[in-house]
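Structure first, commentary second.
Every number in this text was worked out from the coordinates using simple rules, so none of it is lab data. Since this is a predicted model, take the numbers as computed values, not measurements. Glycine also receives a Cβ, built like all others from the backbone with ideal geometry; neighbour counts cover every protein chain displayed.
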Amino acid sequence: MDSFSLEYLWLIPLLPFLAFVVIALFTRRWARLSAYISILAIVASLVVSAWALLSLVVAFLGHATGEELVKQVTLTWFSAGGVDFPIGLIIDPLTAMMLIVVTVISLLVQLFSQGYMVVKDDHGNLKKDPGYGRYFAFISLFTMSMLILVLANNFLQIYIAWELVGLCSYLLIGFWYDKTYPDGSISPAQAAKKAFLTTRLGDLGLLVGILIIYMTTGSFVFTDVEEAIKAGHLAGGLLTVAMIGVFLGAVGKSAQFPLHVWLPDAMEGPTPVSALIHAATMVAAGVYLVARTFEMFAASPDQQALLVVAYIGGFTALFAASMGLVMNDIKKVMAYSTISQLGYMMMGLGVGAYAAGVFHLFNHAFFKALLFLGSGSVIYAAHHEQDMRRMGGLGKRLPVTMITMIFASLALAGLPPFSGFWSKDEILAGAAGKDQLLYIVGSLAALFTAFYVFRAIFLTFTGEYRGAQGGYDAHGGHDDHGHGGHGGGLESIKESPLVMLIPLILLALASLFSGFLGSPFMGNAFQSFIEKGAELHEEINYTVMISSVLIAVVGISLASLVYYFKVIPADLISKPLPWLHAFVLNKYAMDDLYLWIVNNVVLGFSRAALWFDIHIVDGIVNAVASVIGGFGGTLRRVETGRAPNYGLAIFAGAIIISGILIFGGSPR
Amino acid sequence: MNPGYLTLIVFVPLLGAIVTALMPKDNIRAIRFSAAGFSFIALVLSAIVWIRYDTALAGMQFVEQATWIPSLGIKYFMGVDGLSLPMVFLTTLLTFLAVLASWNIKLRPKLYFSLLLLLEMGIAGVFTSLDLLLFFLFWEVELIPMYLLIVIWGGQRREYAAIKFVLYTLAGSALMLAGILALYFYADPIVSGRTFDMLELAKTNYTAQYGAAFSSVVFFLLLIGFVIKLPSFPFHTWLPDAHVEAPTAVSVILAGVLLKMGGYAIIRINASILPQALQDWSYLLAGLAVVSVIYGAATSMVQNDMKKMVAYSSVSHMGYVLLGIAALTPTSMNGAVLQMFTHGTITGMLFLLVGVVYDKAHTRLISEFGGLAKRMPLYAALFVTAGLASLGLPGLSGFVAEFTVFVGSYLNPNMQLFTIIAAAGIVITAGYITWMLQRVFFGPLRFGDAIKESEHIQDVRGLEVVPLVTLLAIIIAVGVYPSLVTDLINTGVAPVMTQFVKAGL
Amino acid sequence: MLSLNAFLLLSAVLFCIGLFGALSKRNAVAILMSIELMFNAVNIMLVAFARFLAPASTVGQALPPVSTVGQVFTIFIITVAAAEAAVGLAIVLAIYRTRRTISVDEVNLMKW
Amino acid sequence: MNDPVVILAFAVLAIVMLVSAAAVVLLRNIVHCALFLALSFLSVAGIYILLNAEFLAAVQILIYAGAVMILLLFAIMLTQRAGAIAENPPNNQVGMAAVVAVALFGLLALVLSGTSWLTGAPAATQPNTEALGRALFEYYVLPFEIASVLLLVAMIGAIVIARED
């Protein structure tokens, strides 16, 4: 730790921020230059992050434990009326690991984007997307926000970064803001809005949680809060409420049920963005937040807060996986897979398998980014076709993409020795030791996962090419650019350029090897590091391990029987139960439910409020005015303009007043 | 050394109004430059005051005092502290930007600019005067130019809107005057003396001397005038009308600083002089605040007119000010003042932006636009940024203020429920702003039938950009480094809070 | 027994007759005439007071005797009444020229 | 004052005055009204004489019965058109006017009956024109001059108003 000073930590988010400023203000128009600036900044951040991690690892290997592995600094951002609003940085194993994940994935995604973010001009030649500079500016801004998020040592800063990554997600989902679909399906701008609002709903919970925490503990800083909780300043039901509030924020960001609805639509953004934000990093921020505040969750009475996390996570894992089974859009499959896997992580944290959850986050970041980038490569090669029903047989034309994606799929399915196996197995082991119901749910979700991911692989890469048939009456596909021609058959499909393939290959290697860091062969080094060197006494649960491998094999085999060997008809279930298929394909009508709520409850309330405003509130104002006006209008008829009338009134009044004054018995 | 900065800030605009009015009618350049020049002088003066204000010393500074009507104890008494200084700066800044924003006004420019400067004088006077009667005088002075600005340069229903604005405000003023006189006549002759001096009156403990009923009555006499101005539900309906009819620059000033007079006055007068009554009625105020927040946001949601949407959003955002005041913690009070400042800049910017598109398209209806980002990228970027600031995105000033209000209000155990409900407002706010952005700026380029010459709709450039970028710079600066303002506001809030300590609350 | 009250009563009756005329006439000239009657009633009252009321102590004060004060007032009233009659009739003529009538019922420019 | 001749004179003058006044307000012919007004003015002059105000009586006859009457007659003459001769109808509030007039009288009568005047010794019966002149020009010079200016103003004003443009 001594070799690394906290001062350098500031550089990590600062460099991407500078890249953002420079690109946004100056170099926006020079596409290539903007990309290089952005990539340069992220490389520099990666170097600093690696240095930070290295120093921690060195300390860890030198048997430093606990607080020795934590360094933080807190400054006052501003103070108002005696409350100091802090800003600060923390570096500990968890943050260091996240720093590496964020910077590496961001770097690879940016490299990939260089190839991906092109459009065909009128002559069929490739040229840079008109928003190329803007794209890299947003990516840099996102990277900065995400780095601030993982570096934050207090709730305020995490909330700030939380909102900023939400903003970047908004901007990047809506990157092709001018695109709409003739069939009225959700456009990028609508998807961006939906994502922003859904996550903000969760942020409200986070905000309330933060308010409760500050009110009771008097601090925003994680370590102070933990101490205050230990000291009993925040305990009991209020602590549970506060932590559920915090978890709500995570539910929104990590797309957990019931706020998961935004993530599939977020696939309207460019595919590399989906890989970076909606697979590897931002959506994992919710998991990160729960991990970061794990001790607080654990301190709630009877671990109620953790139980909520576990059940929501478990349910989401299964729920989303079931939707992954039926989707036809390759990116949608991956989106539901992401939701499902995030649920897995939440479940892992919830059952107390803290290190396993974080480990799965780490592994998932790589293989899911790979799956997305691979999908991007397919989509790019297939002239921006995303519907798997119009693919098939692409493996011959896209060998590198296929192989790397199979690597990632094996990792996702949880087959040893790929990375996903090690972390998923630990989560399931944790669940098995805690709650059998969660274990069953998790296993079922694993079966689904293995099935749907290989369904996607087989549909995409094997069999006959179905793109040229055009026999589908489905709408024109939610391709990224909206102007990808479907011309040409299989021959027109070429492997993506090298700049896109290199990230795929690197990620494939990571998918293969990242799991070993936490495998029993290496003494669960990763977990031990994340737990700050705490003694781990995990026994290997061989039952769980073997059954999870079996489940994965069964899932993959089933997928191959249905979609590769075609011995089982694909409509085996959907034919006798069409309503079930339709119901799942319709995302369990959750979107319709939300739409109904927005249209009828929210907008209905708003319309009622407006009606109330115009007719009641303003009505009263105008009524007061017209009553006074009416009085005036009536009384003015007294003003006949005829002098005798006035004279009469004057004298009559004078007589009455005189009479009162003379005979009225005035006290004098 | 004090060369009478505050008097200069207040009366330089008056001089400017006179000089502008004396300019030859056909020399439009001279008129514009005179108005811009004088408002710029005022801006520079207020900036100097801000820079030279000693936050270590705190309290009232740049004080000027002279007897005016000695037999009644009326003084010409001016001074600024951490409460009023941001407001004074905002006033001069927004007036200067308003002059720039109405650079190309066609109809009777001479009168227009004169009235704008007169308006500045009235508002700056309200924020600087420390004598209640002087305060009241400026409070009323501001009405006339505002009325004329709406009624001459306004839209379709300008007469209705203008007369509604004036009558509504005057109704409040009448009650306010009664309240001021009650404070004057019932002031403790020993500790306060017979005076309209706010600082002296604050020494009288009205509740202790005359009971809670008396102080409550006076409190409400004063409060009604202020919540009308703020405006808070249910006294807000003049605001959308006035905004929709007022010309752009006037809307900017109306939303930017005129509303702040209400919040400022509640803190300066109700909180400082009648702390006990404010405490007694804090539930009511918080209730009004919460209703304003949610209700204003909900009504913004279903507006088709962008300007009306921004106007209703002001009701919502000023609800946070009221909540901050009602919660009665130093932090919430600080947040309230900060929210006033930031709302002035953000909403000012939003009104300027709406005005820009109205100038080009002659309509402000959301349904008439689509995909404007394609045609006007810079404009869209500015609008999106301002919208995000309005919905409280961190890094921009709106977040800082709202978060401070939330934290401060939540610290008062009685206000927690109110705080949570008000916090829900940020979701609704995000809803209507992102929805509006999506409909107006995103999707394919589209113009409705009401827009005749859509080729005139081009991106902002030249002079249009200057006020927008200026405000944006302030929004970002405060959002990133709030201490710029909060250090100052802390010094202003502290004495108000000692009033509560003194009252034993 | 001719007391002050007899003259005052006479004045009161005359004033009330004049008032009735002023309020009940349509013709502007008739109204002016009725007003002249009211003036006369007031004059009678002033002169009667001057005649009957006890002289106030004017010792040491440079004031005329009470009996003359009332009459001086009357003279001023007559002056004013004359001026009023002149101007009033001029107005009547002006109205007549523009509106071809002197009925006050039809002169209602002050109407709402 | 208790001389029966004086009482009789008062009675006669009062009756003539009130009757002619009533005729002024009740008759429909405006010319007749004007003539009865003159009679009323003359009887007022008689009352002045009973009150030892001979100078006022003279002024009354000269100004009221003379000048003002002439003015009124000229006005009548100038404003009557062929069809509208002598039309002097009451307006539609004649009933209310009567009520107000009677009420006023009732009020005045009540006040008069309820008041005890501090009457003193009757003033000298000799002509007091000289005293009046002294009072006017010694004590009331300024009001007198103002009154003359007022008359001038009224005259000019009347000319301006009545002038044909």
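To the nearest 20 debye, what charge dipole does chain D have about its Cα centre, counting +1 at the Cβ of each Lys and Arg and -1 at the Cβ of each Asp and Glu? Could the numbers behind the result be given before it?
Details: 4 positive and 8 negative charges, 76 e Å.
About 360 debye.
Using a basic spin-label model with each label point 7 Å from the Cα along Cα→Cβ, how many nm lie between A:Val58 and B:Tyr283?
A separation of 6.3 nm, rounded to one decimal place.
For A:Ile573 and A:Trp596, FRET efficiency with R0 = 30 Å and r from the beta-carbon atoms, rounded to 0.05?
It comes to 0.60.
For the range A:532-668, build the convex hull from the C-alpha positions and give me its volume per residue in Å³.
494 Å³
Roughly how tilted is helix B:109-128, in degrees to the nearest 10 and between 0 and 90, from the longest Cα axis of chain B?
30 degrees
Beyond 13 Å, what share of the Cα-Cα pairs of the range B:204-272 is found? Please give it as a whole percent.
Percent of Cα pairs beyond 13 Å in the range B:204-272: 68.
Which one of A:Phe362, A:Thr199, A:Leu509 is farthest out on the positive end of the charge dipole of chain A, using unit charges on Cβ (Lys, Arg +1; Asp, Glu -1) and the Cα centre as origin?
Checked the options; the winner is A:Thr199.
How much net charge surrounds D:Pro90 when only other residues with a Cβ under 10 Å from its Cβ are counted (Lys, Arg +1; Asp, Glu -1)?
Result for the local shell: +3.
Give me the net charge of A:Val287's neighbourhood, meaning all other residues with Cβ under 15 Å from the Cβ of A:Val287; Lys, Arg count +1, Asp, Glu -1.
So the environment of A:Val287 carries a net charge of +3.
Run the numbers for A:Tyr646 and A:Lys120: contour at 0.36 nm per residue of separation, minus the present Cα-Cα distance, in nm.
Value of the extension gain: 180.5 nm.
Quick check: from the Cα gyration tensor, does the range D:1-113 come out rounded (a/c under 1.5), prolate or oblate?
Numbers: a/c = 2.57, a/b = 1.31, b/c = 1.97.
Oblate shape, in that a/c is at least 1.5 and b/c is the bigger or equal ratio.
Name the residues of the range A:642-666 whose amide N is less than 15 Å from a point 7 angstrom out from the Cα of D:Leu110 along the C-beta direction?
A:652-666, by backbone N distance to the label point.
Cα-Cα over 21 Å: which of A:Lys193/B:Lys360; A:Lys494/A:Lys566; B:Lys106/B:Lys164; A:Lys128/B:Lys374; A:Lys71/A:Lys434; B:Lys360/B:Lys452?
A:Lys193/B:Lys360; A:Lys494/A:Lys566; B:Lys106/B:Lys164; A:Lys71/A:Lys434
List the pair-distance distribution P(r) of the range A:270-421, using every Cα-Cα distance, as the percent of pairs falling in each 5 Å bin from 0 up to the bin containing the longest distance, rounded to whole percents.
2, 10, 18, 21, 19, 13, 8, 5, 3, 1, 1, 0
Looking at chain C, which longest stretch skips every one of the trypsin sites (Lys or Arg not before Pro) that is in a DSSP loop with at most 12 other Cβ atoms within 10 Å, leaving the sites themselves out?
So the longest stretch without any such site is C:1-99.
Give me the net charge for the shell around A:Ser34: Cβ to Cβ below 13 angstrom, other residues only, Lys and Arg +1, Asp and Glu -1.
Around A:Ser34, the charge tally is +4.
Residue by residue through A:150-159, how many Cβ atoms from other chains fall within 10 Å of the Cβ on average?
1
Of all the Cα-Cα pairs you can form in the range B:316-437, what percent are over 16 Å apart?
62 percent
Want the number for A:Leu635 to A:Val553: 0.36 nm per residue separation, take away the alpha-carbon distance, what's left? The partial results should precede the final answer.
On the way: separation 82, 0.36 × 82 = 29.52 nm, distance 9.35 nm.
Between A:Leu635 and A:Val553, full extension yields an extra 20.2 nm.
Considering the dipole of the protein assembly as shown built from charges on the beta carbon (Lys and Arg +1, Asp and Glu -1) around the Cα centre, which of A:Asn600, A:Ala649, A:Gly166 is farthest to its positive end?
Farthest towards the positive end: A:Ala649.
Reported to two decimal places, what Rg/Rh ratio describes the range B:281-505 when computed on Cα atoms with Rh from the Kirkwood expression?
Result for the range B:281-505 is an Rg/Rh of 1.04.
Can you figure out the FRET efficiency of A:Met522 with A:Val47, using R₀ = 25 Å and their beta-carbon distance, to the nearest 0.05?
0.50
Please work out the FRET efficiency for the pair D:Val6 and C:Lys111, using the Cβ-Cβ distance as r and a Förster radius of 51 Å; give the result to the nearest 0.05. Don't skip to the end; give the middle numbers.
Numbers: r = 52 Å, r/R0 = 1.02.
The formula returns an efficiency of 0.50 here.
Over all directions, what mean area does the Cα convex hull of chain A project, stated in square nanometres?
45.6 nm²
How big is Rg to Rh over the range A:95-200, alpha-carbon atoms, Rh as the Kirkwood inverse-mean-distance radius?
1.04
For the charge dipole of the protein assembly as shown, defined by +1 on Lys and Arg C-beta atoms and -1 on Asp and Glu C-beta atoms about the Cα centroid, which residue among B:Trp68, A:Pro520, B:Val400 has the Cα displaced farthest towards the positive pole?
B:Trp68
Out of the chymotrypsin sites (Phe, Trp or Tyr not before Pro) in the range A:251-301, which ones are loop residues according to DSSP with at most 15 other C-beta atoms within 10 Å?
Within the range A:251-301, no chymotrypsin sites (Phe, Trp or Tyr not before Pro) qualify (loop, at most 15 other Cβ atoms within 10 Å).
What area, in nm² and to one decimal, does the C-alpha convex hull of chain C cast on average over all directions?
Averaging across all directions leaves 9.6 nm² for the Cα convex hull.
Of the GluC sites (Glu not before Pro) in the range A:520-580, which ones lie in a loop per DSSP and count no more than 10 other C-beta atoms within 10 Å?
Passing both the DSSP loop test and the Cβ count: A:Glu535, A:Glu539.
Running Debye on chain B with equal point scatterers at the Cα sites and no solvent, what base-10 log of I(q)/I(0) appears at q = 0.08, 0.11, 0.12 Å⁻¹?
-0.45, -0.86, -1.03
Counting only other chains, what is the mean number of Cβ atoms within 10 angstrom of the Cβ of each residue in peptide B:427-437?
Average per residue, whole number: 6.
Work out the length of the dipole vector of chain B about its Cα centre, built from +1 on the beta-carbon of each Lys and Arg and -1 on the beta-carbon of each Asp and Glu, and round it to the nearest 20 debye.
The dipole of chain B has a size of about 800 debye.
Within the range B:400-472, list the GluC sites (Glu not before Pro) lying in a DSSP loop whose Cβ has at most 14 other Cβ atoms in a 10 Å radius. Intermediate values should be presented prior to the final figure.
Details: sites: B:Glu402, B:Glu453, B:Glu455, B:Glu464; in loops: B:Glu453.
Sites meeting the loop and neighbour criteria: B:Glu453.
Could you give log10 I(q)/I(0) at q = 0.12, 0.15, 0.17 Å⁻¹ for the range A:1-58, computed by the Debye formula over C-alpha point scatterers of equal weight, without solvent?
Log10 I(q)/I(0), no solvent term: -0.34, -0.48, -0.57.
At each listed q (0.20, 0.35 Å⁻¹), what is the log10 of I(q)/I(0) that the Debye formula gives for the range D:126-165 modelled as equal alpha-carbon point scatterers?
Ignoring solvent entirely, the Cα scatterers give -0.66, -1.00.
What is the angle, in °, between the Cα long axis of helix A:498-513 and the longest principal axis of the Cα atoms in chain A? Nearest 10 is fine, range 0 to 90.
80 degrees
Given Cα positions, please report Rg to Rh for the range A:599-668, the hydrodynamic radius being the Kirkwood one.
1.45
Report D for the protein assembly as shown in µm² per second (integer): Stokes-Einstein, Kirkwood Rh on Cα pairs, 37 °C, 0.692 mPa s. Walk me through the numbers on the way to the answer.
Working: Rh = 38.2 Å.
In µm²/s, the coefficient is 86.
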